[in-house]
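Asker: Below is a structure I'd like to ask you about.
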Amino acid sequence: MTILNHDFLALTLANPNGMAPFQFTFSSGTGVVEETGILRLEPNRKSRVSVVLSAGIHGNETGSNGVN
């Protein structure tokens, strides 16, 4: 599998019930799609610093139930 047009969000939204893990390479490292919505990027060079970025895709969280 690949990330079509480099659009990880579209890939995530197209596979809401899960997907098989796969990996790919880019100029400075390796990427691994672990599961729907989980992307791990590993650089080729070692680093003393690790970074975790987390983002969520949510629905309408305004609490509105249509009653004003």
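Asker: Could you compute the net charge surrounding Phe22? Neighbours are other residues with a C-beta less than 12 Å from the C-beta of Phe22; K and R count +1, D and E count -1. It would help to have the intermediate numbers written out before the result.
Answerer: Details: positive: Arg40; negative: Glu34, Glu35.
Taking every Cβ under 12 Å from that of Phe22, the sum is -1.
Asker: Give, in nm to one decimal, the length gained when the segment between Phe24 and His6 is fully stretched (0.36 nm per residue of separation minus the Cα-Cα distance). Provide the component values of the computation, followed by the final result.
Answerer: Numbers: separation 18, 0.36 × 18 = 6.48 nm, distance 1.14 nm.
Here the segment from Phe24 to His6 would lengthen by 5.3 nm.
Rule-based calculations on the coordinates, nothing more; no lab input. Note that this is a predicted model, so its numbers are computed, not measured. All Cβ positions, glycine included, derive from the backbone under ideal geometry; neighbour counts span all protein chains shown.
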